[in-house]
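**Q** Just passing along the structure, written as C-alpha cells.
What follows draws every value from the coordinates through simple rules; no lab data is involved. Owing to the predicted nature of the structure, the values given are computational and were not obtained by experimental measurement. With ideal geometry, Cβ positions are generated from the backbone for all residues, glycine too; neighbour counts draw on all protein chains shown.
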Amino acid sequence: MSFTQDECRSFLADPPGWLDSVAISVSNLISTPSVKGKPDKLTFRPSAGSGFRSAGSKETPIPVYMLSKAKEDEVSFDAYIAEYVQGKTTPTMLGGDASLCFTANMNGCTFGIGTQATPADSLLVSHGNAAGSKGLSGLAGVVKPSTILEIQNSVQHTWAREVHGTGQVFEPEHYRTGGRQSITFGWREQGKKWKFFFQSYEKVSGSKWLVHGVNPVGTNQILDHSTQ
C-alpha cells in the first residue's frame, strides 16, 4: 500500500507525532540532494519488514517506511536532505523552501547545528562521520575499539567546529545507548525556529528491531580550542 494523501496530511501536521508511531529508515543512497541547497520531493514507501516492534509494546509489529525520493505519481512532500559523505563532515544550508529536514541513518555520526537568530534566518547543519578517514583507518587492531570511538568522536567534534564555528552537536553519547542507531530529522513550525528530533532503534535478535520512539535531540555546545 502506498503512502496516502491522508497519511501525508497527518505527517505534515505533526511530524514528530506521526513518526512516533512508525519505524523509518533513511538510506545513504538518498544522502546527496538532487539539487544542491534546495529541497527534494520525498515520500515514505512502506517496507515489507515486519521485525520492528515499539519499545512500549514488544509484541505488536509497527509500520515500517523507507524515506525515498518521490516519483511523479507518488504522494510527496518537500524536505531538505542534510548530505552525508563517509569519512568527512558535510554541511547543508536549510533555507525557507521547506519546513522539514532528514539525514541518513546515524550509527556513530555527529550532527552539527549552527545558530539561527530568528525564524526567518537560514540554518547551517552538518552530518559528520570520521570512521574510515585518514588517521583512523589504521588504528584497528592497534588500539582498543573504545579508544578508536573516543578519537572518532573528538575528530567529528573538531570538524563540526570548523564548519559551524559556534552552535550545538548531537553526538553518539546522545543516542548510542546499547548500540542504538538514530533517524535524525528537523522540523520548522510556521513562525518558529528549526527544532530537531530523533527516532532511535536497536537490533535485539536476528531480524528483530526495537524502536524507542521520537524524542528531541540532546546536544553539546561546540567547544572552541580554549575549552577543550
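**Q** Given the options G178, G37, G17, which has the most mean-square fluctuation in a GNM of the chain, springs set between C-alpha atoms less than 10 angstrom apart?
**A** G178
**Q** Once you've got the GNM for the chain with C-alpha springs shorter than 10 Å, pick whichever of T89, T177, T110 has the biggest mean-square fluctuation.
**A** Among T89, T177, T110, the largest mean-square fluctuation in the Gaussian network model of the chain belongs to T177.
**Q** 222 nm [θ] for the chain, helices only, -39500 (n - 2.57) per DSSP H run of 4+, per residue, to 500?
**A** On the way: 3 runs with 34 residues, N = 228.
Helices in the chain give a 222 nm mean residue ellipticity of -4500 deg cm²/dmol.
**Q** With the chain treated as a Gaussian network of Cα nodes joined by springs under 10 Å, which of K41, K144, K193 yields the largest mean-square fluctuation?
**A** Answer for the Gaussian network model of the chain: K144.
**Q** Additional query: May I ask you to derive the relative contact order of the chain, considering only C-alpha pairs under 8 Å and at least 6 residues apart, and to give it as an integer percent?
**A** Working: 505 pairs, mean separation 46.8, N = 228.
Answer for the chain is 21 percent.
**Q** Say the dipole of the stretch 5-222 comes from +1 at the beta carbon of Lys and Arg and -1 at that of Asp and Glu; which of T89, A70, S200 then lies farthest toward its positive end?
**A** Going by the Cα projections, it comes out as T89.
**Q** Could you give the size of the charge dipole of the chain about its Cα centre, using +1 on the Cβ of each K and R and -1 on the Cβ of each D and E, expressed in debye and rounded to the nearest 20?
**A** Numbers: 21 positive and 20 negative charges, 92 e Å.
Result for the chain is approximately 440 debye, rounded to the nearest 20.
**Q** From the phi angles alone, apply the Karplus equation (6.51, -1.76, 1.60; θ = phi - 60°) to the stretch 176-183 and give each ³J(HN,Hα) in whole Hz, x where the residue is Gly or Pro.
**A** Residue by residue, the stretch 176-183 yields 8, 3, x, x, 5, 10, 10, 9 Hz.
**Q** Here's something else I'd like to know. Using modelled backbone amide H atoms (1.01 Å from N, in-plane), which distant-in-sequence or interchain residues come within less than 5 Å of Y65's amide H?
**A** A23, I24, S25, S47
**Q** In addition: Would you check the chain for Lys pairs whose C-alpha atoms are within less than 18 Å, ignoring same-chain pairs closer than 8 in sequence, and give me the count?
**A** Lysine pair count for the chain: 10.
**Q** Suppose a student asked you for the relative contact order of the stretch 170-220, using Cα pairs under 8 Å spaced at least 6 residues apart; what percent would you report? Don't skip to the answer; put the middle values down first.
**A** On the way: 76 pairs, mean separation 17.9, N = 51.
This gives 35 percent for the stretch 170-220.
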